[in-house]
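S.K.: Take a look at the following structure, please.
The values are calculated or read from the model by the stated rules, or taken from the named source; none is laboratory data. Quantities reported herein were computed from a predicted structural model and do not represent experimental measurements. Cβ placement follows ideal geometry from the backbone for every residue including glycine, while neighbour counts extend to all protein chains displayed. To get the accessible areas, we keep the full protein, side chains included, count just its heavy atoms, and leave off ligands, DNA and RNA. Shrake-Rupley method; radii C 1.70, N 1.55, O 1.52, S 1.80 Å.
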Amino acid sequence: MRVPVRRAAVLTAAVVALLLAVLLSLAVGARAVAPGEVIDALLFGGHGDSADVVREMRVPRTVVGLLVGAALALAGTVLQGITRNPIADPGVLGISQGASVGVVLAIAFAGVHTLTGYVWYAFVGAGLASVAVHAIASGGRGGATPVKLALGGAAVNALLVSLTTAVLTTRASALDEFRFWQVGSLSGRDAGIVGRIWPFLLVGVVLVLAVARGLDALALGEDVAKGLGRRVATVRIVGGLGATVLTGAGVAAAGPLAFIGLAVPHIARALVGSDHRWVLPTAAVLGPVMLLVSDTVGRIVFPPGEVPAGVMTALIGVPFLVTLVRRKAVAA
């Protein structure tokens, strides 16, 4: 099978998997709803308790999962590309922790106690952390090299963890509320959050798609990329800005969900190769699949309670990544 045809087939299969994940997310939970009733509630204005559960509770939760999963997967793909670091993701580079600082400050000092209120603080925190990492890495000779970006991210991440801990130890009343957000979950997310994050996600998607060819050139090395006429600094700045916007909005909406930004890009590359024109859309589809499946499994594994999606993403994602590593399919 020719490479473009195979890639198109893989992407089509991923879209089918996403549709199934959406259907499961809408149908499965403490109250099981038959697929026929789900379709009736969505398309034909069905009535009754099941229809109300689908429309009022599960549709917003599922839409948030779609947006956040795609955002974190795209952000991880771009960050791995611009840093040429196979373990780079929003958490490693301090962006997720910046969002965490924004949320804990909002709870402790600004009196914000709603998820829709957290969004803005988390987004600003992620943006400031990203600027700090780039500023640190840009100093000295050579500018923001991959190694300096990774080290700058580690330093900023450690500082922000310390700041978060300091606030929580002095403001004990904020601890329980912050813990609910910090674990990462889609529970309790409503349509208001969707309205607040989708414009940022749209901007982030446009930015990361704009640097797809630049990421391919950068993967060959900076000197080669420059020889091909690519502006390496521009690719890194635009790609980093896009990743920051995506991460800030995604983490603000659902908390710092682990593993999606790290694992999904590697899974996408293993399926469609290293061409970012294919890797990015594939990751954007697989990210929501992983998140929605994790969230759905978390609802039923220990009934009547729920295991947060942030816990389940790691439990489900680790075997995939371990399998790829053992097959040597994970590459920088």
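S.K.: Test each condition in (1) modelled with pLDDT under 80; (2) in contact with a helix residue (DSSP H, G or I) (Cβ under 6 Å, 6 or more places away or on another chain) for ARG196 and report the one that comes out false.
M.R.: Looking at each condition in turn, ARG196 falls short on (1).
S.K.: Considering only residues that are open to solvent by 10 Å² or more (accessible area, probe 1.4 Å) and in a loop (DSSP other than H, G, I, E, B), look in the stretch 82-96 and name the one that is farthest from ALA217 (Cα to Cα).
M.R.: Among those residues, the one meeting the criterion is GLY91.
S.K.: Inside the stretch 220-249, can you point out the residues that are under 27 Å from the mean Cα position of the chain (by Cα) and among the hydrophobic types (A, V, I, L, M, F, W, C)?
M.R.: Correct list: LEU220, VAL232, ALA233, VAL235, ILE237, VAL238, LEU241, ALA243, VAL245, LEU246, ALA249.
S.K.: Which numbered condition in (1) over 20 Å from the mean Cα position of the chain (by Cα); (2) more than 23 Å from ARG196 (Cα to Cα) is the only one that VAL112 fails?
M.R.: So the condition that VAL112 fails would be (2).
S.K.: Here's a follow-up. For residues that are assigned to a helix (DSSP H, G or I) and in contact with a Gly (Cβ under 7 Å, 6 or more places away or on another chain), scanning just the stretch 250-283, find the one that is farthest from ASN157 (Cα to Cα). Don't jump to the end; show me each part of the working.
M.R.: Filtering the stretch 250-283 for residues assigned to a helix (DSSP H, G or I) gives 250-254, 260-272, 276-283.
Among the residues that remain, those that are also in contact with a Gly (Cβ under 7 Å, 6 or more places away or on another chain) are: 254, 260-265, 276.
Working: ALA254: 19, ILE260: 18, GLY261: 16, LEU262: 16, ALA263: 20, VAL264: 22, PRO265: 22, HIS276: 28 Å.
The qualifying residue farthest from ASN157 (Cα to Cα) is HIS276.
S.K.: Being without any contact (Cβ under 8 Å) to a residue 60 or more places away in the chain and touching a Leu at 6+ places or on another chain (Cβ under 7 Å) is the filter; apply it to the stretch 194-229 and report the residue that is farthest from LEU291 (Cα to Cα).
M.R.: Ranking the candidates gives ALA225 first.
S.K.: State whether one or more residues within the stretch 125-139 are farther than 18 Å from ARG236 by Cα and either touching a Leu at 6+ places or on another chain (Cβ under 9 Å) or touching a residue at least 24 places away in the same chain (Cβ under 8 Å) (or both).
M.R.: So the first thing to find is which residues in the stretch 125-139 are farther than 18 Å from ARG236 by Cα, and the list is 125.
With either touching a Leu at 6+ places or on another chain (Cβ under 9 Å) or touching a residue at least 24 places away in the same chain (Cβ under 8 Å) (or both) added as a condition, the list becomes 125.
Checking the stretch 125-139: at least one residue is farther than 18 Å from ARG236 by Cα and either touching a Leu at 6+ places or on another chain (Cβ under 9 Å) or touching a residue at least 24 places away in the same chain (Cβ under 8 Å) (or both).
S.K.: For the stretch 307-327, check the following and say yes or no: at least one residue is touching a helix residue (DSSP H, G or I) at 6+ places or on another chain (Cβ under 7 Å) and basic (Lys, Arg).
M.R.: No, that holds for no residue.
S.K.: Search the stretch 221-233 for residues being modelled with pLDDT of 75 or more and part of a helix (DSSP H, G or I), and hand back the single one that is least open to solvent (accessible area, probe 1.4 Å).
M.R.: VAL232
S.K.: TYR118 passes all but one of (1) modelled with pLDDT under 85; (2) within 14 Å of the chain's Cα centre (by Cα); (3) in a helix (DSSP H, G or I); which number fails?
M.R.: With (1) modelled with pLDDT under 85; (2) within 14 Å of the chain's Cα centre (by Cα); (3) in a helix (DSSP H, G or I) applied to TYR118, the lone miss is (2).
S.K.: Same structure, new question: Being under 17 Å from PHE320 (Cα atoms) and open to solvent by 40 Å² or more (accessible area, probe 1.4 Å) is the filter here, so list the residues in the stretch 234-261 that pass it.
M.R.: Correct list: ALA258 only.
S.K.: Further question on the same structure: Are there any pairs with C-beta distances below 7 angstrom linking a residue in the stretch 180-191 that is closer than 12 Å to LEU257 by Cβ and open to solvent by 10 Å² or more (accessible area, probe 1.4 Å) to a residue that is among the hydroxyl-bearing types (Ser, Thr, Tyr) and in a helix (DSSP H, G or I), with the two at least 6 apart or on different chains, and if so which?
M.R.: Listed pairs, sorted by first residue: GLN182/SER100.
S.K.: Among helices (runs of 4 or more DSSP H) lying entirely in the stretch 1-58, which contain 2 or more residues that are surrounded by fewer than 18 Cβ atoms within 10 Å (Cβ to Cβ) and among the hydrophobic types (A, V, I, L, M, F, W, C)?
M.R.: 3-27, 35-43
S.K.: Would you tally the residues in the stretch 276-332 being modelled with pLDDT of 90 or more, open to solvent by less than 30 Å² (accessible area, probe 1.4 Å), more than 14 Å from the chain's Cα centre (by Cα) and hydrophobic (A, V, I, L, M, F, W, C)?
M.R.: Final tally of qualifying residues: 1.
S.K.: What are the residues in the stretch 97-116 that are open to solvent by 10 Å² or more (accessible area, probe 1.4 Å), among the hydroxyl-bearing types (Ser, Thr, Tyr) and closer than 14 Å to ALA254 by Cβ, if any?
M.R.: THR116
S.K.: For GLY65, all conditions in the list (1) under 30 Å from ASP216 (Cβ atoms); (2) touching a Gly at 6+ places or on another chain (Cβ under 7 Å) hold save one; what is the number of the exception?
M.R.: That leaves (2) as the condition not met.
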